[in-house]
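Visitor: Below is the structure I would like to discuss, written out as structure tokens.
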Ligand code: PMP
């Protein structure tokens, strides 16, 4: 039986992405690797619309957050963390581990970060670092990162470090344009590759801020990684996962070949939401503007959502339950990858079957299709 993976990472990978890694290895100190890596770096630069390098790390998303923390957090640094869920909480915990003093601002799960609230916390504290989450995977909220940054005081603006683990590749994330200083992301969600690669991008201001500092980690020393990024033949300080980098190269080709990529992701999310609501589920994120284009969280009023998750799993469909505070309260379906109408109809049809063939609105498919076509 086929199993349909709808988890918020990893996502199903395309045939070309899967087979790209199934080839003979090359030396990571040879010309063939340098050429491959240079190509990947320029595709990442195109995706982020950035001129600066992206550091590629053998790690998951948490490793990329750890890399930001090991380079920017230390005793004497004051950071504001605005969290709207489990992953915002995790970033602040990692950052605190490296010694920074933290001011934690909590936002009600299911809502997003208010630009004025983040700006006020910075104004009051004079903190030098602000931690944000682009896409809060535990609730399905896409935060308005550009608006939050635009609202910050211009004088003594903090370094803005963003967890983009489940946002990059799914929604436009152009750090130079948006004013992000440090961006962490990973391979297994919006970049549609197997798990195992973490990424860190830094603004010129952020590179300057760590110029005279020693990283608290040997492996995740970002300045050392940058030293290996020679324009005519970039390499990594330590042995890179060459096969994964081949897969990533193929996935970036797929994303960059579709000019409407981000619009398609938003369109799929809107269509799914229309069908999910018509079936009788309750969307966890009420404000449509804040709904993630990559992951949707919802509950079933008056019923245990876990039974829907279990029923789907017996059908060979693999969604995710809630995490952290959301455990037992919501289920989540991911659509970071190239989800279009066939996948939407599979998800909605399976949900309908999991409900025992009942739907609040018998025209749930038409509702979803109308939103897909809109
Ligand atoms: N941040 C966010 C927003 C995430 O969605 C995740 C993974 N769900 C992580 C961090 C952690 O990433 P990983 O599991 O790859 O370490």
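FYI, it's all coordinate maths here, none of it is from the lab. Just so it is clear, the model here is predicted, and its values are computed rather than measured. Every residue, glycine as well, gets a Cβ built from its backbone with ideal geometry; the counts of neighbours run over all protein chains shown.
Visitor: From zero outward in steps of 5 Å, how is the percent of C-alpha pairs of the stretch 161-316 spread across the bins?
Guide: With 5 Å bins starting at 0, P(r) equals 1, 7, 12, 15, 17, 15, 11, 8, 6, 5, 2, 0, 0.
Visitor: What does DSSP give for the chain in terms of the percent of beta bridges that are antiparallel, rounded to the nearest 5? Kindly include the intermediate steps, with their values, before the conclusion.
Guide: Details: 21 of 41 bridges.
Bridges in the chain that DSSP calls antiparallel: roughly 50 percent.
Visitor: Sort 283, 102, 192 by Cβ crowding within 10 Å, fewest neighbours at the top.
Guide: Details: 283 20, 102 17, 192 25.
So the ranking, lowest neighbour count to highest, is 102, 283, 192.
Visitor: Pick from 328, 112, 294: which is most flexible by mean-square fluctuation in a GNM of the chain where alpha carbon atoms under 10 Å apart are linked?
Guide: The residue that fluctuates most here is 328.
Visitor: I would also like to ask the following. Could you tell me what a quarter of the Cα convex hull surface of the stretch 55-206 works out to, in nm² with one decimal place?
Guide: Values: hull surface 31.1 nm².
Average projection, Cα convex hull of the stretch 55-206: 7.8 nm².
Visitor: Label point 7 Å out from residue 23 along Cα-to-Cβ: which residues of the stretch 217-252 have amide N under 20 Å?
Guide: 233-236, 240-252
Visitor: Still on this model: I'd like the projected area of the chain, averaged over all directions, using the convex hull of its alpha carbons. Report it in nm² with one decimal.
Guide: Details: hull surface 73.4 nm².
Mean projected area of the Cα convex hull: 18.4 nm².
Visitor: With a point put 7 Å past each Cα toward its Cβ, work out how far residue 212 is from residue 108 in nm, to one decimal.
Guide: 4.6 nm
Visitor: Note the angle between two axes, namely the Cα long axis of helix 341-354 and the longest principal axis of the Cα atoms of the chain, as a number of degrees from 0 to 90, rounded to the nearest 10.
Guide: Orientation of helix 341-354: about 60 degrees from the principal axis.
Visitor: Identify which of 232, 249, 101 has the largest mean-square fluctuation in a Gaussian network model of the chain, with springs joining Cα atoms closer than 10 Å.
Guide: 232
Visitor: If the chain between residue 260 and residue 124 were fully stretched, how many nm would it gain, using 0.36 nm times the residue separation less the Cα-Cα distance?
Guide: Working: separation 136, 0.36 × 136 = 48.96 nm, distance 4.09 nm.
Roughly 44.9 nm would be gained on extension.
Visitor: Can you sort 360, 48, 41, 244 so the residue with the fewest Cβ neighbours within 10 Å comes first?
Guide: Lowest count first: 360, 41, 244, 48.
Visitor: Residue 97 to residue 315: extension gain in nm, 0.36 nm per residue of separation minus the Cα-Cα distance? Provide the component values of the computation, followed by the final result.
Guide: Values: separation 218, 0.36 × 218 = 78.48 nm, distance 4.22 nm.
That pair, residue 97 and residue 315, stretches by 74.3 nm at full extension.
Visitor: Counting alpha carbon pairs within less than 8 Å and at least 6 residues apart, what relative contact order, in whole percent, applies to the chain?
Guide: Normalised by residue count, the contact order of the chain is 23 percent.
Visitor: I'd like the distance separating the alpha-carbon centroids of the stretch 1-52 and the stretch 250-274, in whole Å.
Guide: Centre-to-centre (Cα) distance: 18 Å.
Visitor: A further question on this structure: Note down the nm distance, to one decimal, between modelled labels 7 Å out along Cα→Cβ at residue 35 and at residue 231.
Guide: So the label points at residue 35 and residue 231 sit 2.1 nm apart.
Visitor: Give the percent of DSSP beta bridges with both residues in the stretch 48-193 that are antiparallel, rounded to the nearest 5.
Guide: Details: 2 of 20 bridges.
Of those bridges, close to 10 percent are antiparallel.
Visitor: Next question. If you line up the long axis of helix 115-125 against the longest principal axis of the chain, both from Cα atoms, how many degrees apart are they, to the nearest 10?
Guide: Orientation of helix 115-125: about 40 degrees from the principal axis.
Visitor: Return one number: the angle in degrees, 0 to 90 and rounded to the nearest 10, between the long axis of the Cα atoms of helix 61-72 and the longest principal axis of the Cα atoms of the chain.
Guide: Compared with the principal axis, the helix lies near 30 degrees.
Visitor: Listing 331, 365, 1 from the residue with the fewest other Cβ atoms within 10 Å to the one with the most, what is the order?
Guide: Working: 331 25, 365 19, 1 5.
Neighbour counts put them in this order, fewest first: 1, 365, 331.
Visitor: Something else: Could you work out the helix-only [θ] at 222 nm for the chain, with each DSSP H run of four or more residues adding -39,500 (n - 2.57) and the total divided by the number of residues, to the nearest 500 deg cm²/dmol?
Guide: On the way: 14 runs with 152 residues, N = 374.
Using -39500 (n - 2.57) per qualifying helix, the result is -12500 deg cm²/dmol.
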